[in-house]
1. Length gain on complete extension for the stretch SER410 to ILE146, per 0.36 nm per residue less the alpha carbon to alpha carbon distance?
2. Pull up all non-local amide H partners of ARG288: gap of 5 or more, or a different chain, and H-to-H distance under 5 Å with H placed in the peptide plane.
3. Need the list of aspartates and glutamates near LYS328 for cross-linking: C-alpha distance under 15 angstrom, and skip anything on the same chain fewer than eight residues off.
4. Please list 3J(HN,Hα) in residue order for region 308-313, calculated via the Karplus relation 6.51 cos²θ - 1.76 cosθ + 1.60 where θ = phi - 60°; whole Hz, with x for glycine and proline.
5. What translational diffusion coefficient, to the nearest whole µm²/s, does the chain have by Stokes-Einstein, given a Kirkwood radius computed over alpha-carbon pairs, a temperature of 4 °C and 1.567 mPa s viscosity?
6. Summing Lys, Arg as +1 and Asp, Glu as -1, what charge do residues with Cβ under 10 Å from the Cβ of LYS407 carry, LYS407 excluded?
7. Would you mind ranking THR55, THR131 by Cβ crowding within 10 Å, fewest neighbours first?
8. Could you run the Karplus curve 6.51 cos²θ - 1.76 cosθ + 1.60 with θ = phi - 60° over region 265-276 and give me ³J(HN,Hα) per residue in whole Hz, x for Gly and Pro?
Amino acid sequence: MKKPILRFSILFSYFIILLSFSVAKGQAPTKPDYNINWPEWRGLYNTGAVKGGDTPAEFSETKNVKWKVEIPGKGHATPIIWGNQIIIQTAVATDKKTAKTDVTEPKTNPIPSGPTEFIHQFKVISINKNTGKINWQTVVKEVLPIERTHELGSWASNSPCTDGENIFAFFGSRGLFCLDFNGNLKWSRDFGQMDIVASFGEGSSPAIYKDKIFIQWDHQGKSYMYALNKKTGEDAWKVERAEVTSWATPLVVEVNGKAQVITSATNKVRSYDAETGNLIWECGGMTRNVIPSPVYADGIVYLLSGFRGNSLKAVDLANAKGDITGSKAILWEYNQDTPYTPSSLLLNGKLYFLKANNGILTCLNATDGKVLYSNQKLDGITNIFSSPTGNNEKIYFAGQGVVDVVKAGSDFVLLNKNILDDTFHASPVIVGNDLFLRGFKYLYCISEK
């Protein structure tokens, strides 16, 4: 019996050596475990969902708060997490003023918003995931924001992303910045100044796939889709878009082994070849002011928007070629109660979404659009700008001082209404058994004690 045991021991040792070598060389799995990382604003697969984890349904300022740390400045960007680091973006007003007055004014639909006379520091902050202590802070730019922003928005609403080797922090008109995990700036890229409709503020986040970073640059000026070399920030390709302002984040998916970049916008929904930028398919656009980002699973991409109208399309990517408007590639539509600002949650074959910016929830079967429930009111949430995040058992909705927890599944069950001393526009993040909530003032780590 000793020889088989000896052989097993040798093989196991060899496996450990190979694994150690791979880790040392940075050859991480292409799809890390859900419970380890949250690399983009809607998670590993851009659905807002994780597969596991036992996060608490009940918490407050005095219950199940593992730690809480104050974040300087203002920023509604959803954090990302890689390993033991939480990456936060924020804009911090300094006491330096400028006489510069050429603020970009809204051309249509003026709303309450304001310019600033103070120069801001645009910061990337790393926080220890286990303790809440700040590891480092890097100021990537110090400048006066010349555009107005929505009173409910911020100058740091675009979320970062990571490939596990570098951090790509996007501040819209301030640029894209590549940092290592020690906070050192490696390169930066300036795209110019956006002209956002009605001074609503900026918000689209970058997407990453293999060797490229994708930026959806839609505004009232010339709009573009950028694919950048992630090592240098230089253009891999660039495509002009006949598009107006949108805030949706591009979605990269593989179809038959070939990657495509899907963009949701007002005039058209378009899909580009990730390698070349060539148009693969397109269809009629969504409503005005497209904010919700596309989500994808099992060969179907879901597109939603809900300002001055309602639009939800489920597109079968296997049949999507050329102009698919009115074709069989659009499997089903559900044009009511769709979200304005929050993106949807795609979890275990079900699509969850909110009505406009209200706390009214709908759940559909993702395959055929069958209504599982609709018009279900959240408790204490009347206005909501963050997107829902869920695991196998629970879905989290973060609003103004209230975080509701709903049971995941075909029936609407409100598990708990939780009160915290903050307001949340960033979306909840789940890693393992920890729930992270980035508010106007604080970053919370919620976990069973």
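Any read-out appearing in this document is the output of simple, stated calculations on the displayed coordinates, not a laboratory observation. Note that the structure is predicted; figures quoted are calculated from it, not measured. For neighbour counting, all protein chains shown are included, and Cβ atoms are generated from backbone atoms with ideal geometry for every residue, glycine included.
1. Values: separation 264, 0.36 × 264 = 95.04 nm, distance 4.71 nm.
Fully extending the segment from SER410 to ILE146 adds 90.3 nm.
2. PHE307
3. Hits, sequence-local ones excluded: GLU282, ASP316, ASP368.
4. Running phi through 6.51 cos²θ - 1.76 cosθ + 1.60 with θ = phi - 60° gives 6, x, 9, 8, 9, 10 Hz.
5. Details: Rh = 22.4 Å.
After rounding, the answer is 58 µm²/s.
6. Working: positive: LYS394; negative: GLU393, ASP411.
Result for the local shell: -1.
7. Numbers: THR55 25, THR131 13.
Sorted ascending by nearby Cβ count, the order is THR131, THR55.
8. Once θ is set to phi - 60°, the couplings for region 265-276 become 7, 5, 6, 8, 8, 10, 10, 10, 5, 5, 8, 10 Hz.
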